[in-house]
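Colleague: Encoded as structure tokens, here's the structure I'll be asking about.
Here, each number is a calculation from the coordinates, and none is a lab measurement. Note that the coordinates shown come from a computational prediction; the quantities given were computed from them, not determined experimentally. Every residue, glycine among them, receives a Cβ derived from its backbone with ideal geometry; neighbour counts consider all protein chains shown.
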Ligand code: DHB
Ligand code: FE
């Protein structure tokens, strides 16, 4: 049986990708950011997931005002790296897991979540920066990512965005879907984006350390209550792009304790300001083996 063994949460700041790609990770500005991921890189090298179910948001790369799916699951065998204006990031293309992805689509849709199914979707910094942070630098031709990835693109760009509550429930359905897949697979679920940031308007540059840290506390200890938070609360407290944090609730909803299992082990917790315009947050929660 496939199992969700852990969830990983991380910001996806594009400048982090640029710092990696341009060899700037040891510069004083970036050093503390990458230091926060050293544990995660060692941890994931030991845990060796087969598949990462990667919840992220597209930033008008694959989608646009022409088409705005609320939740879009990637069922493709592979995904091209998006060109976000400076050419595609020099990282390997992303390999999918069509069999598990179609199984999850089938299960989750029959469980009343009307996902959009996508077979062609360039993936942008929202997906590639978290991969780089956890797996380190990879040559676009010589290397491959050491996992298969099932992308779930969530619309947190154009209102109306999905509620935290819906995201949390979707996570629970994803867990049921993964656990009903026959082959033994070590699956992780990642929630990405956030934490507080606002890229536009009068409050551009907003960071809210206190709110972010309370979000991390509540995500760990009382996720069902946290999921009741309204979209406007995210925008007011964490800035217009802080709404990306609802995606973390999808990953959290897929953890064992939500279905009555034991509380997860907090393997890593990290928070750092500044990174570009964003407060960087990173958590690793492990399901204890029963
Ligand atoms: C920044 C952060 C984001 O989440 C994003 O999508 C683009 C830019 C930033 O901090 O610069
Ligand atoms: Fe973003």
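Colleague: Any idea what the relative contact order of the chain is, in percent, if you count C-alpha pairs under 8 Å spaced at least 6 apart?
Modeller: 31 percent.
Colleague: In addition: Output the antiparallel fraction of DSSP beta bridges having both residues in the chain, as a percent to the nearest 5.
Modeller: Expressed as a percentage, antiparallel bridges in the chain total about 50.
Colleague: Right, another one. So if we plug the beta-carbon distance of residue 222 and residue 179 into 1/(1 + (r/R0)^6) with R0 = 25 Å, what FRET efficiency do we get, rounded to 0.05?
Modeller: About 0.60, to the nearest 0.05.
Colleague: Show me the ranking of peptides 238-250, 84-96 by mean Cβ neighbours inside 10 Å, starting with the highest.
Modeller: Peptide ranking by packing, descending: 238-250, 84-96.
Colleague: Can you tell me the equivalent ellipsoid semi-axes for the range 39-88? Use √(5λ) from the Cα gyration tensor, largest first, whole Å.
Modeller: 27, 15, 11
Colleague: Would you please classify the overall shape of the range 1-106 from the alpha carbon gyration tensor, given that a ≥ b ≥ c denote the square roots of the eigenvalues, rounded means a/c under 1.5, and beyond that prolate means a/b larger than b/c while oblate covers the rest?
Modeller: Oblate shape, in that a/c is at least 1.5 and b/c is the bigger or equal ratio.
Colleague: While we're here: Once the piece of chain linking residue 259 and residue 95 is laid out straight, how much longer is it, given 0.36 nm per residue of separation minus the C-alpha distance between them?
Modeller: Contour length minus the Cα-Cα distance gives 56.1 nm.
Colleague: Under 8 Å for C-alpha pairs, at least 6 residues apart: give me the relative contact order for the range 47-161, rounded to a whole percent.
Modeller: Once divided by the residue count of the range 47-161, the mean separation gives 47 percent.
Colleague: Per residue of the chain, what 222 nm ellipticity follows from adding -39500 (n - 2.57) for every DSSP H run with n ≥ 4, rounded to the nearest 500?
Modeller: Only helices count here, giving -9500 deg cm²/dmol.
Colleague: Roughly speaking, what is the stretch gain from residue 202 to residue 109, that is 0.36 nm per residue apart minus the C-alpha to C-alpha distance, in nm to one decimal?
Modeller: 29.4 nm
Colleague: According to the square roots a ≥ b ≥ c of the eigenvalues of the Cα gyration tensor, what is the shape class of the range 140-290, taking rounded for a/c under 1.5, prolate for a/b larger than b/c otherwise, and oblate for the remainder?
Modeller: Judged from the Cα gyration tensor, the range 140-290 comes out prolate (a/c at least 1.5, a/b above b/c).
Colleague: Highest mean first, what order results for 271-278, 200-207 on Cβ atoms within 10 Å?
Modeller: Order by mean packing, descending: 271-278, 200-207.
Colleague: Given the peptides 123-133, 225-235, arrange them by the average over their residues of other C-beta atoms within 10 Å, most packed first.
Modeller: In decreasing order of mean packing, 123-133, 225-235 become 123-133, 225-235.
Colleague: May I pose another question? Using R₀ = 30 Å, calculate the FRET efficiency as 1/(1 + (r/R₀)^6) where r is the Cβ-Cβ separation of residue 119 and residue 209; round to 0.05.
Modeller: 0.15
Colleague: Does the chain come out rounded, prolate or oblate, given a ≥ b ≥ c as the square roots of the eigenvalues of its C-alpha gyration tensor, rounded meaning a/c under 1.5 and, failing that, prolate meaning a/b above b/c?
Modeller: rounded
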